[in-house]
Structures are given as C-alpha cells and as structure tokens.
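Each value in this text was obtained by applying a stated rule to the coordinates, not by laboratory testing. On a predicted model such as this, the values are computed, not experimentally measured, just so you know. When we count neighbours, we look across all protein chains shown, and the Cβ atoms used for this are built from the backbone with ideal geometry, even at glycine.
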Amino acid sequence: MIPSVLSAAISILAQDPTPAPPPSAEQLTRAIEDATADLTRLAPKRWELPPERWHEAEVKLTEAVNAFVARPAVLEWEHVARGIQTTWRTQCPGACAMLCELALQRFDPTAELHAQLGMCKMSLAQEAKLEFDCRRFAAEAASAFAASRKLGEREPAFVLMSQALFCSLQFDAALADLDLVRAHPRFGDKVAGHGGRALFLFAAGRAAEAVTECEAAAAAKEPKNDPVLLVRALARAGRKDDAAARARVLWRDAPTPINLTALADVLAFAGHFDEALALSRDHPVQQGKLSAADFAELRRTRAALEFLVGLRGKRPDDLREQLLKVLEHHVKIGTADSVLIHSGQPGAEDGVDLNASPLAVGSWLLQQPTSAVSWANDVLFAVCVEDAPKWKCSPLERQLLEGLLPAAHVQEMTGADALARARAMLASRLIFDHSEGILTASQLLGL
C-alpha cells in the first residue's frame with residue numbers, strides 16, 4: 001500500500017496545478033498567419049491531396065479565427081490589421097469578413113474597413129454554391145459599400161456597388177448607382193459601358209432602352225456585346241418580328257445550342273409555337289463528350305423549354321405539378337421521401353403529402369446549386385410563391401410544415417415582398433443567354 005500511495009502522491013505533485021495562461025494577442029495573430037500559410041502551401045496541389053488534408057487546413061484556419069474574435073479586448077489594431085491582410089491575401093473571404101466585422105466593432109470605422117468588408121462579401125457571393133446565399137451576401141456587400149461611401153471615396157465601394165445591388169435583385173437601385181458612378185470623375189471609366197448598362201435596364205423592365213444600349217455597344221465594338229440579349233430585349237420591347245429576324249440570322253450564321261434555343265424561345269414568344277417546337281425537336285440535345293450528369297441537365301432544360309412552348313400561352317391550373325414532373329425533381333423535406341398528414345377520419349384519403357406542397361417545393365428549390373435548369377427552377381419557384389397562399393391545408397398542417405422548413409425560406413416565399421422577389425429572380429434570368437425558355441416563361445407568368 002505504501003509504495004502505491006507514495007507513487008500517487010508523487011504523481012499529484014508532478015502535475016502543475018496552475019492552468020496555462022490564455023494565448024496572447026500576438027499568439028492569436030500568429031495562429032491565423034500560420035493557418036493561412038498552410039493553405040497557401042497546399043493550394044497549388046489541392047486537387048492531388050486527400051480531401052481530408054485540405055479540410056484539416058480549413059478547420060485549422062476556422063479555429064484560429066474563432067479563437068481570435070473570441071478575445072477582442074486583448075487585441076490591438078495591429079493584430080486585427082495583420083489578420084485582415086493575411087486572410088484576404090490568401091483568398092479566405094469568409095475569415096476576412098469576420099475580422100473586418102470585429103474591427104468595425106472594436107475600432108473606429110473607416111471607409112477602408114467598410115470597403116474591405118464589402119469586397120469580402122462580394123467574394124462570398126461569387127463563390128456561393130446556392131443563389132439564395134449569393135443574393136444574401138450581395139445585399140450585405142451593398143450595405144458595406146454604402147457605409148464606406150459615407151466616410152470617404154474608396155474605389156471598390158464605387159466600382160462594385162452597382163454589381164452588389166444587381167446581384168441582390170435591387171435592379172432600379174443598381175441602375176441608378178451605375179449611372180451615378182459613370183458620371184464620377186475618378187471612377188466613371190472603371191464601370192460597365194453600354195453593354196453593361198443594357199443588362200441593368202433589361203432586368204429593371206426597361207426593354208426599349210436596353211435595345212438602344214445594346215445597339216450602342218455594338219457600334220462601339222464593346223467586347224461584351226451580347227446578341228442574344230438584344231434579341232430578347234427587342235421581343236420584350238414589342239418588336240417581335242425584329243427579334244425573330246435577328247434570332248434567325250444568329251442561328252444561320254452560328255448554329256450553336258444557345259442560338260437554337262434563343263430562336264425557339266423568341267418564336268414561341270411571338271406566337272409561332274409549332275415552328276418553335278419543330279426547331280427544337282429537329283435538333284435534339286447531343287451528348288458528345290458531355291458527362292452523363294451534364295447531358296441529363298441539358299436534356300431536362302430542353303424538356304422544360306419544349307413543355308412551356310407546348311402550353312401555347314395557356315397556363316394550366318396544375319402548372320406547378322406538371323413542371324415539377326418535366327424537370328424530374330424529387331422533392332424531400334430533409335431526408336424523408338414523403339411526409340404524410342392523416343386526418344384520422346374513417347374513409348378519409350391517405351393524407352396530405354407535405355413534400356408536394358408549394359412551400360416544400362419552393363424551399364427545396366432554394367437549396368439547389370446553379371445548373372443548366374436554374375432558369376426553369378426559378379420559373380417553378382415563382383409558381384410556388386403564387387400557389388403558397390392558395391394551398392389548401394389545415395392550420396396544423398401549415399404550422400407543421402413551416403416548422404420543418406428553414407425560417408429564411410418561409411420568409412422568402414411568404415413575406416410581403418415574396419412575389420416581387422420571385423419575379424425579380426425571373427427577370428435576372430433574362431440576361432443569361434443559356435436561360436433557354438425565359439421569354440416564353442415570363443410571358444406565361446405575366447412578367
């Protein structure tokens with residue numbers, strides 16, 4: 001007994017009862033610098049590494065930044081500035097944004113800090129896999145740039161502000177800001193020219209003015225001159241014959257899939273449904289060197305185009321259900337294949353499948369990454385928003401469903417401006433040449 005007691009006593013005495021001191025501001029800063037240096041070393045060979053190795057490096061940076069922001073009282077400006085510089089230099093915008101936000105809380109705000117935060121948020125918007133997140137980050141970027149402008153003139157806040165507003169679906173504000181900056185003596189030549197302004201005008205519903213800007217861009221031989229945009233702008237401006245004629249020339253001179261669907265879309269918009277369908281079906285999607293997944297995406301987007309054209313301008317009452325089937329979407333709340341609500345009444349139907357409800361479908365769509373069918377997904381989403389108030393269900397069913405879905409999604413579909421935002425999402429698709437049936441869809445929905 002005595003030796004074991006003595007060993008235990010020695011062991012206790014050998015332990016240091018004094019806890020380790022918390023890391024200093026310098027140690028916290030160096031941890032961030034070390035973590036970013038690790039990412040920098042790994043970046044050139046990232047795709048050759050085991051996935052877990054890169055993940056470990058990302059976790060290391062996350063932990064270092066979290067530890068840093070958890071102790072703001074010990075930090076001096078030098079430490080925060082070093083953290084901001086190293087995370088931005090190594091292209092870690094999420095970490096850099098956290099440090100900028102800490103700096104704005106801890107120290108006097110400056111135009112530079114707000115501009116840096118805006119650039120971080122715009123980077124996050126561009127990197128976002130979900131467009132729902134892209135719009136959120138873009139709105140935060142716009143707020144940061146606006147705050148920067150109040151404190152001084154920093155180039156990013158002026159050059160990127162209109163883009164941030166546009167990406168957050170604030171088209172009128174984006175256009176007004178673009179025009180403001182174009183007249184600025186220092187930054188006017190750093191923002192979009194006629195072609196860029198045409199995009200903003202078209203999304204804002206000013207198609208005739210967009211035509212004028214497109215023609216000015218072509219006359220000026222701007223590198224971003226977009227002929228498909230001009231076709232759509234002509235159609236939306238009421239010049240359907242001109243639009244169809246230009247689309248025919250595009251297809252004749254360059255028979256690409258984009259020019260094919262642009263012609264089919266504008267023909268349907270002009271009421272030439274049979275010709276549009278024949279054109280599309282005579283030139284089906286070819287797999288070529290595409291992967292099976294990419295080919296499936298193109299096949300589904302073409303199917304959506306042909307479905308919308310085949311409606312011949314007449315919207316069916318079950319548009320949501322039909323389009324969901326055409327796109328081959330399988331909606332789930334979480335991981336459940338179906339969520340049925342039973343009434344419990346004798347002789348009643350099996351139940352209401354919440355997965356088929358407009359709220360569930362819309363929430364699922366908000367979680368889909370960008371793909372070839374994104375334009376059609378936005379069409380379906382707008383229909384879900386329209387259908388949501390009309391969905392027949394009991395208060396219990398709606399309460400249960402809203403509890404199962406992310407609150408931000410429910411707000412996006414039921415808030416006071418939900419329909420306006422859903423239509424703005426559709427309007428934003430007008431500027432992308434691969435939005436195959438966007439003219440036909442917007443006409444069908446009365447956009």
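Just a few scattered comments:
- Given the choices (1) 36.3; (2) 33.5; (3) 28.1, mean projected area of the Cα convex hull in nm² derived from the coordinates of this structure is entry (2).
- For the chain, size of Cβ-based charge dipole, Lys and Arg +1, Asp and Glu -1, in debye: 820 debye
- With neighbours defined as other Cβ atoms within 10 Å of a residue's Cβ, the residues Glu153, Glu58 order from fewest to most as Glu153, Glu58.
- Look at the dipole of the chain built from charges on Cβ: of Ala292, Phe202, Ala245, the Cα furthest out on the positive end belongs to Ala245.
- Asp241/Glu63 FRET efficiency (R0 56 Å; Cβ-Cβ; nearest 0.05): 0.35
- Checked against a 22 Å cut-off, the cross-linked pairs Lys129/Lys224; Lys121/Lys190; Lys240/Lys325 give Cα-Cα distances beyond that limit for Lys129/Lys224; Lys240/Lys325.
- Every helix of 4 or more DSSP H residues in the chain counts as -39500 (n - 2.57), and over all residues that averages to -20500 deg cm²/dmol at 222 nm.
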